[in-house]
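The structure under discussion appears below in the form of C-alpha cells.
The values are calculated or read from the model by the stated rules, or taken from the named source; none is laboratory data. On a predicted model such as this, the values are computed, not experimentally measured, just so you know. Every residue, glycine among them, receives a Cβ derived from its backbone with ideal geometry; neighbour counts consider all protein chains shown.
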Amino acid sequence: MPDLENLVTHLIEHGVDFAVVGGFAAVAHGAPLVTQDLDVCCEFSVDNLMRLQAALSDLHPAHRMSPARPPLELTPENCPTFRNLYLDTDHGQLGCLSGIAGVGAFAEVKRNSVPVRLPAGRCRILSLDALIRAREALGRPRDRQALLHLKAIRERLDQQRPIAAKDQRHGREGS
C-alpha cells in the first residue's frame, strides 16, 4: 500500500521546491478519489533535483518507465537532460513534472498553487481552479471523472462566498 504522505514528508524535510498536483491535490481539495501515486511539479534545476535525490535516497527510487528500472542516479551533469521523472519508491510511485498542461511550467504552477500546512511542514498544492484547468487540458477519461468532482467542489465553494467575492473571482466589479 502506498504511503504518499510519507513521500510528501520526505520532500518537505529535504527542502525540495515543489507543488502537489494530480490526484493527491484533488483529494486535498475534497474530491472523493483514490490515488495510488503522488504527482508533483518541481523546479528542474540542478540544486532542486539533487535535493530531490537526497529526499528519496533511503526509499530506493528507480525509474519506473524504463524496462531495466535503473536506480535514480542524478548528477549535476545529467540533471539538465531531464524534463520529467517517473519513479517507483518504497513508499509508492512519484511523478516529478517540470510543467502541467493547462497551467504552464513550474513557475506558473507555483503562482497557481496554495500553501498548506502538514505535520512535516508547509508545502504547496495546485489551486482548485488551476487543477480544473489542468484536468480539462488533459481530457483523459479519468480526468473527466475527476472534473465532475472538482467542478462540484468549485460550485459549492462559490455558493458559500458572498456575491462580491464571486464577482472578483470572475474578474467583475461588485455593484
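Those residues that are hydroxyl-bearing (S, T, Y) and either more than 16 Å from Y86 (Cβ to Cβ) or in contact (Cβ under 8 Å) with a residue 60 or more places away in the chain (or both), I need them from the range 21-56; list them, please. Can you show your working first?
Step one: filter the range 21-56 for residues hydroxyl-bearing (S, T, Y), giving 35, 45.
Within the range 21-56, just S45 meets the criteria.
Of everything in the range 135-147 that's at pLDDT below 85 and under 18 Å from A28 (Cβ atoms), which residue is surrounded by the fewest Cβ atoms within 10 Å (Cβ to Cβ)?
R142
Out of all the residues in the range 1-49, which are out of contact with any Leu (no Cβ under 6 Å at 6 or more places or on another chain), in a helix (DSSP H, G or I) and not aliphatic (A, V, I, L, M)?
If the condition is that a residue be out of contact with any Leu (no Cβ under 6 Å at 6 or more places or on another chain), in a helix (DSSP H, G or I) and not aliphatic (A, V, I, L, M), then E5, N6, T9, H10, E13, G22, D47, N48 are the ones that fit.
Among the residues of the range 81-134 satisfying the criterion of being among the charged types (D, E, K, R) and either under 26 Å from H63 (Cβ atoms) or at pLDDT below 95 (or both), which is nearest to the chain's Cα centre (by Cα)? Quick ask: steps written out before the conclusion?
Kept after step one, since they are among the charged types (D, E, K, R), are these residues of the range 81-134: 83, 88, 90, 108, 110-111, 117, 122, 124, 129, 133.
This time we only want the ones that are either under 26 Å from H63 (Cβ atoms) or at pLDDT below 95 (or both), so: 83, 88, 90, 110, 117, 122, 124.
Working: R83: 15, D88: 16, D90: 19, K110: 10, R117: 15, R122: 14, R124: 8 Å.
Top of the filtered list is R124.
Within the range 50-109, restricting attention to residues that are assigned to a loop (DSSP other than H, G, I, E, B) and among the basic types (K, R), which residue is surrounded by the most Cβ atoms within 10 Å (Cβ to Cβ)?
R64
Just to check your reading of the model, which residue among A105, A62, A28, A55 is closer than 19 Å to L150 by Cβ and either touching a Gly at 6+ places or on another chain (Cβ under 9 Å) or not charged (D, E, K, R) (or both)?
The unique qualifying residue is A28.
Find the residue count for the range 110-143, including only residues that are in a loop (DSSP other than H, G, I, E, B) and either within 21 Å of D158 (Cα to Cα) or of a type in the set (D, E) (or both). Write out each step before concluding.
Of all residues in the range 110-143, those in a loop (DSSP other than H, G, I, E, B) come to 112, 119-120, 127, 139-140.
Narrowing further to those that are either within 21 Å of D158 (Cα to Cα) or of a type in the set (D, E) (or both): 112, 127.
So the count comes out to 2.
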